[in-house]
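Structure first, then comments.
All of the numbers you see were taken from the coordinates with simple rules; none came from a lab. Predicted model, so just to flag it, every value in this text is computed and none were measured. For neighbour counting, all protein chains shown are included, and Cβ atoms are generated from backbone atoms with ideal geometry for every residue, glycine included.
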Number of protein chains: 2
Amino acid sequence: MSILPSNEAPAGAALTIAVDAMGSDGAPHPEITGALQAVRHYGARILLTGNAEILRRELAAAASPAERQAIEIVPADEVIGMDEPAVRAVRSKRNSSLHIACRLVREGRAAGLVSAGNTGAVMACAKMILGSLPGVHRPALAAVFPNIRNTASVMLDVGANVDCRPDHLEQFAIMGEIYYRAIFGMERPRVGLLSIGEEEGKGNELTREAYARLRQLPLHFIGNVEGRDLYNGEVEVIVCDGFVGNVALKISEGLVETVRTLLKESLSRTLSGKVGYVLSRRAYAHFKQRLDYSEYGGAPLLGVRGGVIISHGRSNANAIKNAIRVARESHNVNRAIEHELSRGRAAATVE
Amino acid sequence: MSILPSNEAPAGAALTIAVDAMGSDGAPHPEITGALQAVRHYGARILLTGNAEILRRELAAAASPAERQAIEIVPADEVIGMDEPAVRAVRSKRNSSLHIACRLVREGRAAGLVSAGNTGAVMACAKMILGSLPGVHRPALAAVFPNIRNTASVMLDVGANVDCRPDHLEQFAIMGEIYYRAIFGMERPRVGLLSIGEEEGKGNELTREAYARLRQLPLHFIGNVEGRDLYNGEVEVIVCDGFVGNVALKISEGLVETVRTLLKESLSRTLSGKVGYVLSRRAYAHFKQRLDYSEYGGAPLLGVRGGVIISHGRSNANAIKNAIRVARESHNVNRAIEHELSRGRAAATVE
C-alpha cells in the first residue's frame, strides 16, 4: 500500500464540491489554485464561496476559459476569522463563506465541502447546517497522518467531542474503519483503542468499557494500542475520545517542529555540520515530504450529511486539491456509515 | 537557567539512597556503575539491593576499597520482571530487590530509592510499603523532559492515576511546582493545565473544574496549555490526569524514534546524503544529547514518604547517577509537599 490514497476519480461522478475560498491563512490563493488543480486532475466541479469580486479577478487571471467553466463563484459577504470563538461566529455570521458552503451541500448543489478555516467553526457549522447521518450519535473529526511504514494511520476523534461515552467510541471505530477501507483501499484495516497498556484491563473507565464493545464488533480489532503505536504502522485506525485525540495531535505537531529546530541548531553549530547540511539537503527535502500531511488534504468530519474535509490553516494548493479529491470520495463513505449505523448495530453492540 | 539541574549535594547531608540493582534492562551494570559515580561525584552513600553474590563480585571488580565503603549490599532473592503484571508481582514477590529497597526507606535506613524496573511495580510497591505523605490524596508520577529553550519541563501525572478528580489535579499542580522549584531552582515556575484550547472554557469536564481550582492557588498559573506547548519552553509544570499524561509521554517517545528513523532513511538514500551524514555526525551526537532524558535521572513519584525515582528500563550509568542525585534532593521536596498539603490547602481550595 502506498502512503498516498488512490488518485482515481470516484466511479461515475463529476461530483461537485463546495470550497470555502476564504478559510486558509493564505486565502484565497491556495483555494483557487487547489480548485483549479482538482478540475485538471480529477475533472472536479467546484463551487467557490467568498468575496465575489476578489474571486472573479483571481480566477480570471489563473484559469483557462475551459477550466473557468468548471468553477462557479457563489458570493459570500462575511468571513469567519481563525481566532474567533467558533460557536458565536457560527451563530452570528450567517453569510460567511463557510455558511454558504454548508448550505450548498444541504441544498444538494454540492456533495461535500472543503474549508481550511477555523476548525471549531467548520465543525459547528457543518453539524448545525448539515446535521448527522441517520444513526450517528456524534460526528467525529479524524486525523490522517503518515507512519514509519509509509502507510497512513487515521485517528479519531481528534477534537469534535470531549467527554465521550463508550458507545461514542464504538461508533468512531465503525466510521473510522469504513473511511480507511474506502479511502485507502485496504480490506481489513486494524482498529486499535488508544490506551495506556496493551492488556484488556488497562486504561480508564471509558476505555475499559469501550474495549468490551469494540471486541464484539465485526472489525479487525487488535485491542489497546499505546501512544508509541501512532507512528509505527502497526495499526490503521486509532480510536480515542476527542480530548485525548486533540492533545495527541497537537503534541505530534509540536514535537516534529521541535525536532526540526533542534536538529537545525545542532547542524549549524559546526562548519562540518553546515557542510553536511548542504550536502544532505535533498535528503532533508525528502524527509520533510514524508512528514507532509498535505497529501491527505485534511481531516474528514465523519458522520455528517455530506463529505466535509477540514484542511489545515497553513494548507497549500496541493492540500486543497487533495482535500477536494477526498471530499468527493466521501460520498461512498457516508453511504456505508449510514448503512452500518442506521440499522442500530453500534447501539445494540451485538450483530 | 541550564537544562541540567544543579549538581550540588543537598545541604548538610550524605543522604543514603537505596538502589534496586536488578531493575534495568542491563542490570546490574548500569546500577553498579551509576552508584559508584554517585559516590564519587556527590559523596553519596548507597544501599544496593539484589543478588548478593553477583553484586559482591561486580562491585569488587569495579570499586576501589574507599568507594566500596560507601556502598552496602542488601541481599534480595527475587526479581520482578519488566513484563510481569505489576500488582500481582508486588503482592507475591515480597523479597524482590524492589521490595527490599522500599523497606529500607520505610525503616529510615535510606532517604529514598532508585529503580529502573517495571514502572507499574515500582509505583505499586512504593505506595503500598511507603504510603502517602500526610495530606496527599494521590501520589503522582512526574516526567521530566527537555524543551526547545534548553530548560526542563515537568508533566504530571503520567501514569500513576487514571480517572482523576479535579482536586487530584490541584494537588498535582502544587506538588509539581514544589518539585520544579526545588530541583531546578526557579522561583516562580509557570504552571499550565493541559487542555485543548487556551480559553478558560475549553477542555473537558475534568479540566474545566480543575481550572477553577488552579486559578485560586498561590501559584504562577498561566491557564490552559496545549499539546504543542510541551516542548516550546513556555511552561515549566504541566498538569494533567494520568491517562492523558501517559498517552502524551508515549507519543513523544514514539515520535522522536520515528523522526530519527525517517531521517536516517532519507539520508541513506543518496551518496551526498551519506557524505552529509558522515560530516554532520557530530551535530547528530549533539542533537541526540539534547533529547537525552538520562540527565534527569528518571521520573519522580511525588507524594510518597521518601524520594522515589523511577528510571527508564534502558537507563545507563549516567541516568542512575542522576537519579540518585535527584532522590537525595527529594528530601526537601517532600518536606515542602507535606507542609503545603497537610494544612489542607488543596482540599479547601481557598487559602
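Remark: mean inter-chain Cβ contacts per residue of A:228-234 equal 5, using a 10 Å Cβ-Cβ cutoff to other protein chain atoms. Within the straight-line cut-off of under 21 Å between alpha carbons, the lysines reachable from B:Lys274 are A:Lys264, A:Lys274, A:Lys288, B:Lys264, B:Lys288, sequence neighbours fewer than 8 places apart in one chain being disregarded. The order of the peptides B:42-51, B:249-258 by mean Cβ neighbours within 10 Å, most packed first, is B:42-51, B:249-258.
Within segment B:137-298, antiparallel bridges make up roughly 35 percent of the DSSP beta bridges whose residues both belong there.
Counting DSSP beta bridges in chain A, what percent are antiparallel, to the nearest 5? Around 30 percent antiparallel, to the nearest 5. Projecting the Cα atoms of B:Pro189, B:Tyr277, B:Leu206 onto the charge dipole of segment B:155-283, computed from C-beta unit charges around the Cα centre, puts B:Tyr277 farthest toward the positive end.
Qualifying trypsin sites (Lys or Arg not before Pro) in segment B:109-154, where qualification requires a DSSP coil assignment and no more than 14 other C-beta atoms within 10 Å, comprise B:Arg109, B:Arg149. Derived scalar couplings between HN and Hα for segment A:123-128 equal 4, 5, 5, 5, 5, 6 Hz in order, rounded to whole Hz, by the Karplus curve 6.51 cos²θ - 1.76 cosθ + 1.60 (θ = phi - 60°), x for Gly and Pro.
Annotation for B:Arg94 and A:Ser342: the two label points, set 7 Å from Cα along the Cα-Cβ direction, are 6.4 nm apart.
Using only the C-alpha atoms, the convex hull of the protein assembly as shown corresponds to 165 Å³ per residue. Size descriptors for chain A, from the alpha-carbon set: Rg then Dmax equal 20.5, 66 Å. With its label point defined 7 Å out from Cα along the Cα-to-Cβ axis, A:Gln216 lies at 4.2 nm from the matching points of the other copies, in increasing order. Other protein chain C-beta atoms within 10 Å of residue C-beta, averaged over A:148-160: 1. Largest mean-square fluctuation among B:Tyr277, B:Tyr180, B:Tyr296, in a Gaussian network model of chain B whose springs join Cα atoms under 10 Å apart, belongs to B:Tyr277.
What FRET efficiency, computed as 1/(1 + (r/R0)^6) with R0 = 30 Å and r the Cβ-Cβ distance, is obtained for B:Glu200 and A:Glu107, rounded to the nearest 0.05?
0.20
Computed log10 I(q)/I(0) for segment B:137-298 at 0.11, 0.15, 0.19 Å⁻¹: -0.49, -0.79, -1.13, from the Debye equation with unit scatterers placed on every C-alpha and solvent omitted. Rounded to whole numbers, the Karplus 3J(HN,Hα) couplings from phi for segment B:51-64 are 4, 4, 5, 4, 5, 4, 5, 5, 5, 4, 6, 9, 9, 6 Hz, using 6.51 cos²θ - 1.76 cosθ + 1.60 with θ = phi - 60°, and x at Gly and Pro.
The order of the peptides B:229-235, B:196-202 by mean Cβ neighbours within 10 Å, most packed first, is B:229-235, B:196-202. Of the peptides B:133-142, A:56-65, B:219-228, A:182-191, the order by per-residue mean of other Cβ atoms within 10 Å, starting with the highest, comes out as B:133-142, B:219-228, A:182-191, A:56-65. Paramagnetic label reach from A:Arg269 (point 7 Å along Cα→Cβ; backbone nitrogen cut-off under 11 Å): within segment B:114-145, no residues. Each label point was placed 7 Å from the Cα along the Cα-to-Cβ direction; for B:Asp83 and A:Thr151 their separation is 2.3 nm.
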